[in-house]
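> The structure is given below, and queries will be raised subsequently.
The values are calculated or read from the model by the stated rules, or taken from the named source; none is laboratory data. Model, not experiment: these values are computed from the prediction. Cβ placement follows ideal geometry from the backbone for every residue including glycine, while neighbour counts extend to all protein chains displayed. Note: areas computed on protein heavy atoms with side chains; ligands, DNA, RNA excluded. Shrake-Rupley method; radii C 1.70, N 1.55, O 1.52, S 1.80 Å.
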Number of protein chains: 2
Amino acid sequence: MGIAERRLRQKEEIRAIILDTAWEMVKKEGWQSLSIRKIAEAIEYSVPVIYDHFENKEAILLEFTKQGFQLLFKKLEKAQEKYDDPAAKLTAIADTYWDFAFKNKEYYQLMFGLGMACCEFEATPETMAIRKLTQDIINELIGKNKVNSTNSCLKYHTFWSVLHGLISIKMMRKWDVTDEVNKLVVKDAISGFIKNLQN
Amino acid sequence: MGIAERRLRQKEEIRAIILDTAWEMVKKEGWQSLSIRKIAEAIEYSVPVIYDHFENKEAILLEFTKQGFQLLFKKLEKAQEKYDDPAAKLTAIADTYWDFAFKNKEYYQLMFGLGMACCEFEATPETMAIRKLTQDIINELIGKNKVNSTNSCLKYHTFWSVLHGLISIKMMRKWDVTDEVNKLVVKDAISGFIKNLQN
DNA sequence: TATATTTGCTAACAGTGTTAGGTAAATTCA
DNA sequence: TGAATTTACCTAACACTGTTAGCAAATATA
């Protein structure tokens, strides 16, 4: 009997509509302002209907996280296929990853838990003090003959990003390696960075 | 007349109590569950009193952000002072930065907007697919004679962290450089990483 | 002492996620 | 077909958020 099938299909349909609608709202107004009630109103159903399809709000977000990683994987796979040389492959992956992040900010922010309440941080006296301290040291390492503002700024950003990247990934996940390995990763990354500055 | 002064002092005091109490709550239960009402209850004042000291909740968070950056700066400055060699200085800064992040998770998360709603992400099929794709390429670059699981895992994490660090810093700030410079930073960082793999 | 100011409260508004309980329609079974 | 059962859906509530208007009491000033 096709009745059960039709019901399943209809249920699937509403689920898809919920996701589509939610996604549109996120693109328009960001994750912070996505609410179950607004979704319900947009799809012209009452609130509890949404709970027939998702256990809670987090389940909806999780669905998008999964979508995000799937999309990213597809793009990375395709990008890398075009090359034979592993160095070229890796560069292509990096490029594609970067593009994905900025062309799909909504996905990326969700996937990596970016964008808490308060902080779209600006240049305050506090952050500038840290920047100056670090940048002066990096300039010394680059060497007086090769220092220029572009280069210096670039290397500072790289240094900081390596550190912050390592930390934020470590901080946001459970399934992780030991503290010793983590420390090794930093040491390795930073020593590599310093070597690269000097050549 | 000292009355006005005493009043100012008392006002300052309540402000400090609000911050202290809020900080304790955050250490116990994280940022997500910090609320104005809970603070009010804890300090045994009514809710609107808090608004006499802070414009809104975000202002409280901003205060902590500032504190965080000040503390971080102090630690970095001290750490770097112990060395003369700039390479040693920079290493000390990286080490100290790392320690700060994990000994003061609450600060760090707030300072860099980490920890949105849903994601303490785990190893899903989607993320593992990406990991395998990337790690295989990195292994090739390391060279068959030098590959081992520690090394491979380490380099994978470094690669990903560099990328994610660059992206997440770029994504969370307004006062930023042009897209071209950003792309330069990635290219530079990744080519440095690759060079480092091969030597 | 009378007036003005500050202080702190209650109570509300508007929003959030989530769920209990009831009704009416659709489907199944006798 | 008619009764029983399941399903779909909604209203209304609960327990929370941040924020603010308006009022009463304590304090300081004239």
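> Give the A-B buried accessible area in Å², both sides summed, 1.4 Å probe, nearest 100.
Numbers: alone 15180 and 15190 Å², together 20910 Å².
Accessible area lost upon association: around 9500 Å².
> Let me ask you something else. Expressed as an acute angle from 0 to 90° and rounded to the nearest 10, what is the orientation of the C-alpha long axis of helix A:2-29 relative to the principal long axis of chain A?
40 degrees
> Where Lys and Arg each count +1 and Asp and Glu each count -1, what net charge lies around A:D85 among other residues with Cβ under 15 Å from its Cβ?
-2
> Can you spot the aspartates and glutamates whose alpha carbon is less than 17 Å from A:K89's alpha carbon? Ignore those fewer than 8 places along the same chain.
A:E77, A:E81, A:D99, B:D136, B:E140, B:D188
> On to the next question. What angle do you read, to the nearest 10 degrees and between 0 and 90, between the alpha-carbon axis of helix B:149-171 and the longest principal axis of chain B?
Once rounded, one gets 50 degrees.
> Let me check I have the definition right: for the protein assembly as shown, take the eigenvalues of the Cα gyration tensor, multiply each by 5, take square roots. What are those semi-axes in whole Å, largest first? Numbers along the way, then the final one.
On the way: eigenvalues 267, 247, 57 Å².
In descending order, the three semi-axes are 37, 35, 17 Å.
> Take the rotation relating chain B to chain A, measure from its axis to every Cβ in chain B, and name the nearest residue with the distance in whole Å.
Minimum Cβ distance to the axis, with residue: B:G165, 1.
> Further, regarding this structure: Averaged across B:105-111, how many Cβ atoms of other chains sit within 10 Å of each residue's Cβ atom?
Numbers: counts 2, 0, 0, 4, 6, 5, 6.
For this peptide, the per-residue mean of nearby foreign Cβ atoms is 3.
> Which distances in nm, rounded to one decimal and ordered from shortest, link the label point of A:P125 to the equivalent label points in the other identical copies, with labels set 7 Å from Cα toward Cβ?
Listed shortest first, these distances are 5.5 nm.
> Can you tell me the relative contact order of chain B? Whole percent, Cα pairs under 8 Å, sequence separation 6 or more. If you can, show how the numbers build up before the last one.
Values: 90 pairs, mean separation 26.2, N = 199.
13 percent.
> Going by amide H atoms built from the backbone, whose H comes under 5 Å of the H on A:L114, apart from near neighbours?
B:M116
> Over 31 Å between Cα atoms: which of B:K28/B:K78; A:K28/A:K155; A:K27/B:K38 fall into that group? Let's see the in-between values first.
Numbers: B:K28/B:K78 29 Å; A:K28/A:K155 35 Å; A:K27/B:K38 33 Å.
Pairs exceeding the cut-off: A:K28/A:K155; A:K27/B:K38.
> Please report, for A:E55, the nm distances (one decimal) from its label point, 7 Å out from Cα along the beta-carbon direction, to the equivalent points in the remaining copies, shortest first.
Reported distances to equivalent positions: 4.1 nm.
> Shifting gears a bit: Using only the alpha-carbon atoms, how far is helix A:57-81 inclined from the longest principal axis of chain A? Give it as 0 to 90 degrees, nearest 10.
60 degrees
> Cα-Cα over 30 Å: which of B:K11/B:K82; A:K103/B:K74; A:K57/B:K105; A:K75/A:K170?
On the way: B:K11/B:K82 40 Å; A:K103/B:K74 37 Å; A:K57/B:K105 26 Å; A:K75/A:K170 24 Å.
With Cα atoms farther than 30 Å apart: B:K11/B:K82; A:K103/B:K74.
> Once you treat every alpha carbon in chain A as an equal point and sum by Debye, what is log10 I(q)/I(0) at q = 0.08, 0.19 Å⁻¹?
-0.45, -1.40
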